[in-house]
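See below for the structure under consideration.
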Amino acid sequence: MSSSYTQQEADKSLLMNHVAALCAHGERVAGSEEEGLACAYILSLLKTWGVSCTVHRFRAIISNPLEASLVLPGGDGKSPCLFSGVGTAFSASTPPEGLSADIVFVGKGREEDYLQCDTQGKIVLVDGLVSAAQGKLAKQYGAAGIIGTAQGTAVHKNTIGTVWGRPDFTHLNDIPRIPVLCLSHEDGTALADRLRQGRTRGVMHTRTEEEVRVLRLPVADIPGRKPEFVLAGAHYCSWFDGATDNATGNAVLLELARILHSGPQMRFGVRLAWWPGHSQGRFSGSAWYAETFRDTLLKHCIGYLNIDSPGSKGATLCLPRYTMGEAMPFVEHCLQEAAPERTVSDPAVLKALTGKRPDPYIPSTRPARQADQSFWGIGLTSFSMYGSLPPDHPDFRSSVGGSGGAWWWHSEADTTDKADAAILADDTRLYLHMLRRIADAPLLPWDYTLTVQDFSEALRGYEEAAAGVTTCLPEERCSALRRIFGEVSTAVEDHDDTPDFAPLHQCLTRLSQAASALRADMDDAERRMKKAQATPDVRLEQEADLLNARCLMFGRMLIPLLYLPLSCSPDRVPAVGLPLLPELARTLLLKRFPAGSPEHLSLCWEINRTLNRLEQKLRKAEELVGKAPGQVFSPAFSLK
C-alpha cells in the first residue's frame, strides 16, 4: 500500500458530527421531509469537498407503522390490560374499533407449529420477532393478526414485506396484509402466561400508512484511472433516530468520499450510494438502482460493498458478514492485515453472531436475502465487514438484525449515545483499507474456486435430502403395466426416476479446475506487474484487463445461478430467506410424498430438468472462462 494512503485518516469528530446532524432530523422515513433534509445535508458536504455527486429521484411504495397495541378485556372484577408496542411496515391497519379475536401461541412461528393448532381467524403470538416469511405463513394458515416478542425491553420496528423492491402488477398483492404488533419480552411473556391459563380473547389495534412517495438517492463518484468501479452503499432511511442503523453508516460513506477524493487517484473508481427505502420500501432504493443502471453495473462494476450499522457501542469484533465465497480470502486478509485483534475467526463465535442459514453446509457469512443485496441478478460479487458486540456482551441480542447486534436496534433507544467514536473511526479505517486494496489492485482478488465450492456444498445438502428415497414403481403397478403393455413395460422396473446429481458434480469438478487455472494466471500476472512497476509494460496492462474481464465473466455467470432461482426474474425474487441453488429447493419436498406417487415422481422429473439446465449453463461458463489469456476474448462487459 502506498505510504500516501496513511497521510489522512478518519476524523472522529467529523464522523460523530455527521451522526448527530442526521439524528437531529429524527425518524427519516423514505420520501419524507426528514429524508429530504438528510439528503440535503449529504449533498452540501459532497459539494463543499468538490466530490462529483447527483441525486436520482423515483417513486416507490413506502410503508410506515404508526400505532400498535393490544387490549385484553377485564373480567371477574379485573380491569382491562393494555399492552403497547410498535407496528411493522407493510402490515395492515385494523378497523378503527380494532381486531377482536382469540389469541393462540404458535411457538417460533414455523409451519410445524401452525399444523399443531387452529389459527383460522385468530391472532397468533410468536416467540420472537415477526419476519416476512412468518407473515406469509400466518396469512397462509388463516391468522387474522400476529404478535411478535422481542428479546428485551426494547420493541423493534421491522417489515413483513415479501416483495423485493418495487412490486410489479402481478405481485402487488403478494404482500401478506395482516396486522402486526411487536411487544417487549416482558409483555410477551405475560401474554403467553395468560394464554396457558385458558382461552384468551383480545382486541388488537394497529395503524400503518402506506403510500407512493418520491424517493431521493444521492450518489457520489470518485473516478479512477479506468472506467471500472467498486460500488459501496448504505441505507439512509431510519426507524426512530437510527443512530447506529444507519446514521453511522451514512457518516462512513461521507468520510470515505472526503478522504478518497483528496487522496491519490486509484486504478479503479469508487461509487458511493445512500439507499432510501430500505425496510420501509423493502430495499426499493438499491433495487431501483440495479434495474435502472443494470447495463453500467454489468459492464463496469467490479464488486458491491454494503455498509450497515458500523460504530455501535461495544461492537469490538469484526466479521466478514454478507461476503460471497470468492471474496472471502480477500476480506479475511484485509481484516487480519488491518485489525487482527478485532477479527473473529472462531467458527462457533461466527455462527453465534450470524445465525443459521437454510442450507446445512454453507457458511453463515454468505449473503442473505436482505441488507440491500439487490445485485445478485447482475452477478456482482458482494463483500463486507460488520462490527459486532461479543455474543456474551450484556447488550447483545441474537434476534436483532443490525446495530452490531445490540438491543437498541430499530427502537427509540437508538440515539447518538449508542455510537462509539473510536469504534466508528476504526470501522471507517477498515472500510478504507478494503476499498483501497481492491480499487488499486492491478488484478481483481476474487477467487471463484470458492464459489464453485459453494455450488458443490449446496448440491451436497440437496443430495443428502433426497438420499434413501426411491421412486421405483411399486411391484403391483409394474405388474399391472406388464399385463397392459407386455414385455415392453419391463423397462419400467429398471428405470429409476430419482434425481441424478452425478453429471452436475462432474461439471463442477471441471469448472473448479478452470477457476483454479484462471486464479493462477491472475496471480502470476500480478507478480509480473509488481516486478515491472518501475517500467510500465503496455502488454502487461492489456493482459491484466483481459484477465479481469474473464474473472468478471465468471462471476456474472455463476452468481445468479448460485443465489437466484432460474425460473424467476432477478428483480422479482421474493424478499424472504433463500438457500443457495434455490431452484433445487423443491428437492426438500420429496420426503413428503410416498415413493412412486404422482407427486413424488413429478418432483423428481422437475428436479432432473433443473439439474440439466444448471449443467448446461455451467458448461457455458466453463467454456468461456477456460480460454487461454492470449486468446481473443471480448464479452459485452469486457474491461477494455
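The values are calculated or read from the model by the stated rules, or taken from the named source; none is laboratory data. Please read all numbers here as calculations on a predicted model, not as lab measurements. So basically every Cβ, Gly included, is an ideal-geometry build from the backbone, and we count neighbours across all protein chains shown. Please note that ligands, DNA and RNA were not included when accessible areas were found on the heavy atoms of the full protein model with its side chains. Shrake-Rupley method; radii C 1.70, N 1.55, O 1.52, S 1.80 Å.
Restricting to the stretch 114-143, give me the number of residues that are more than 26 Å from the chain's Cα centre (by Cα) and surrounded by 20 or more Cβ atoms within 10 Å (Cβ to Cβ).
Of the residues in the stretch 114-143, 7 are more than 26 Å from the chain's Cα centre (by Cα) and surrounded by 20 or more Cβ atoms within 10 Å (Cβ to Cβ).
Does the stretch 582-595 contain any residue that is crowded, with 24+ Cβ neighbours inside 10 Å and under 25 Å from residue 522 (Cβ atoms)?
No.
How about the stretch 239-249: which of its residues are at positive phi and open to solvent by less than 10 Å² (accessible area, probe 1.4 Å)?
Passing the criteria: only 242.
Report whether or not residue 190 is modelled with pLDDT under 95, in contact with a Gly (Cβ under 7 Å, 6 or more places away or on another chain) and surrounded by fewer than 21 Cβ atoms within 10 Å (Cβ to Cβ).
no
Across the stretch 144-173, what is the total count of residues that are buried (at least 24 other Cβ atoms within 10 Å of the Cβ), touching a helix residue (DSSP H, G or I) at 6+ places or on another chain (Cβ under 9 Å) and either part of a loop (DSSP other than H, G, I, E, B) or among the acidic types (Asp, Glu) (or both)?
Number of matching residues: 6.
Could you list, in sequence order, the residues of the stretch 250-306 that are open to solvent by less than 10 Å² (accessible area, probe 1.4 Å), small (Gly, Ala, Ser) and either part of a loop (DSSP other than H, G, I, E, B) or touching a strand residue (DSSP E or B) at 6+ places or on another chain (Cβ under 6 Å) (or both)?
257, 269, 273, 277, 281, 284, 285, 286, 303
Here's the yes/no breakdown for (1) under 21 Å from residue 327 (Cβ atoms); (2) aromatic (Phe, Trp, Tyr); (3) open to solvent by 20 Å² or more (accessible area, probe 1.4 Å):
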| position | (1), (2), (3) |
| --- | --- |
| 372 | yes, no, no |
| 376 | yes, yes, no |
| 384 | yes, no, no |
| 391 | no, no, yes |
| 401 | no, no, yes |
| 407 | no, yes, yes |
| 410 | no, no, no |
| 416 | no, no, yes |
| 423 | no, no, yes |
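If you scan the stretch 73-107, which residues turn out to be out of contact with any helix residue (DSSP H, G or I) (no Cβ under 9 Å at 6 or more places or on another chain), outside any loop (DSSP other than H, G, I, E, B) and either β-branched (Val, Ile, Thr) or open to solvent by 20 Å² or more (accessible area, probe 1.4 Å) (or both)?
Correct list: 82, 86, 99, 100, 102.
Any idea which residue in the stretch 225-278 is farthest from residue 526 (Cα to Cα), counting only those that are among the acidic types (Asp, Glu) and touching a Ser or Thr at 6+ places or on another chain (Cβ under 9 Å)?
241
Give the residue, chosen from 32, 69, that is of a type in the set (S, T, N, Q), under 22 Å from residue 166 (Cα atoms), surrounded by 14 or more Cβ atoms within 10 Å (Cβ to Cβ) and modelled with pLDDT of 95 or more.
Of the residues listed, the single one that is of a type in the set (S, T, N, Q), under 22 Å from residue 166 (Cα atoms), surrounded by 14 or more Cβ atoms within 10 Å (Cβ to Cβ) and modelled with pLDDT of 95 or more is 32.
Tell me which residues, restricted to the stretch 211-238, are part of a loop (DSSP other than H, G, I, E, B) and open to solvent by 10 Å² or more (accessible area, probe 1.4 Å).
223, 224, 225, 226, 227, listed by residue number.
Looking only at residues in the stretch 46-67 that are more than 24 Å from the chain's Cα centre (by Cα) and of a type in the set (A, V, I, L, M, F, W, C), which one is nearest to residue 285 (Cα to Cα)?
This residue is 55.
Of the residues that sit in the stretch 264-321 and are among the hydroxyl-bearing types (Ser, Thr, Tyr) and out of contact with any helix residue (DSSP H, G or I) (no Cβ under 9 Å at 6 or more places or on another chain), which one is farthest from residue 175 (Cα to Cα)?
Per the criteria, the residue is 296.
Out of the residues in the stretch 193-208 that are closer than 22 Å to residue 154 by Cα and in a helix (DSSP H, G or I), which is most open to solvent (accessible area, probe 1.4 Å)?
194
Kindly establish whether residue 318 is assigned to a helix (DSSP H, G or I), modelled with pLDDT of 95 or more and buried (at least 24 other Cβ atoms within 10 Å of the Cβ).
Considered against the rule, which asks whether it is assigned to a helix (DSSP H, G or I), modelled with pLDDT of 95 or more and buried (at least 24 other Cβ atoms within 10 Å of the Cβ), residue 318 comes out as no.
Quick one: is residue 187 acidic (Asp, Glu), farther than 19 Å from residue 399 by Cα and outside any loop (DSSP other than H, G, I, E, B)?
no
Show the residue pairs meeting these rules: Cβ distance below 7 Å; 6+ apart or different chains; first residue within the stretch 599-611 and over 17 Å from residue 562 (Cα atoms); second residue assigned to a helix (DSSP H, G or I).
Once the first residue is over 17 Å from residue 562 (Cα atoms) and sits in the stretch 599-611, its partners that are assigned to a helix (DSSP H, G or I) give 600/590; 603/586; 603/589; 603/590; 606/586.
Being more than 28 Å from residue 301 (Cβ to Cβ), in a loop (DSSP other than H, G, I, E, B), aliphatic (A, V, I, L, M) and touching a residue at least 24 places away in the same chain (Cβ under 8 Å) narrows it down to one residue among 368, 352, 413; which is it?
Answer to the check: 413.
Out of the residues in the stretch 487-516 meeting the condition of being at pLDDT 85 or above, open to solvent by 50 Å² or more (accessible area, probe 1.4 Å) and in a helix (DSSP H, G or I), tell me which one is nearest to residue 621 (Cα to Cα).
It comes out as 510.
Identify, by number, the condition in (1) within 30 Å of residue 45 (Cβ to Cβ); (2) outside any helix (DSSP H, G or I) that residue 245 doesn't meet.
(2)
Would you say residue 69 is of a type in the set (S, T, N, Q), touching a residue at least 60 places away in the same chain (Cβ under 8 Å), farther than 27 Å from residue 309 by Cα and outside any strand (DSSP E or B)?
Judged against the criteria, residue 69 is not a match.
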